[in-house]
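Student: Below is a structure I'd like to ask you about.
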Amino acid sequence: MTIGLSATFVDFDSLSLDINVVIPPDFLSTSQFESALPAAIKNMANDARDFWLTLAGQNLKSSRIAYQQAIRVDVVEDSSFSLLLDGPLAFSVEKGSEPYPMHIGYKVAPLNVDREVYFTNPKVFVRGKGKPWMHPGLPGVNFAKHVVEELHTVIIPRHIQKIVEDL
């Protein structure tokens, strides 16, 4: 049995993992097997999505919700599906970021000209102190690699085995 995989960067803020399960013609080419395969493909896709959601939930903190909401699954045909990670924040968490300059900016201070604190109506803007610096960038989490590995080693073999046992 062959599992085809292609990872496609649709644009700079989305990733598509296209999964195609190819069953050799001589491998249980029965009508029962062929009729059970579409449901198994949908279950594989849902299991892969659930694994990805769990992986993100266990390892991410502040970006967890946005990352999880960006994970989608599309069943394309009876033997293939796509897992999509769509959105600029989720994509940057997945792939990481290059170093970028950090500029010191302005911030609002809750002081008026008499140096009394007024939290409801700040009047003075204070220039940040310090020098601009380069942020070193962020490493990507690369969860897609783990999802593909889980598909190859656990999810797809489990579902094919279940079909075979049910025959």
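Student: Say we look at region 129-167 and pick out the residues that are acidic (D, E) and without any contact (Cβ under 8 Å) to a residue 12 or more places away in the chain; which of these is nearest to W52 (Cα to Cα)?
Tutor: Ranking the candidates gives E149 first.
Student: Okay, moving on. Across region 66-79, which residue is farthest from F33 (Cα to Cα) among those that are at pLDDT 85 or above and surrounded by 13 or more Cβ atoms within 10 Å (Cβ to Cβ)?
Tutor: Selected residue: A66.
Quick grid of which residues meet (1) of a type outside the set (S, T, N, Q); (2) surrounded by 18 or more Cβ atoms within 10 Å (Cβ to Cβ); (3) at pLDDT 85 or above:
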residue: P38; (1), (2), (3): yes, no, yes
residue: F81; (1), (2), (3): yes, yes, yes
residue: L84; (1), (2), (3): yes, yes, yes
residue: H103; (1), (2), (3): yes, no, no
residue: P110; (1), (2), (3): yes, no, no
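The values are calculated or read from the model by the stated rules, or taken from the named source; none is laboratory data. Bear in mind the structure is a predicted one, so any value in this text is a computation, not a measurement. Cβ: placed from backbone, ideal geometry, glycine included. Neighbour counts: every protein chain shown.
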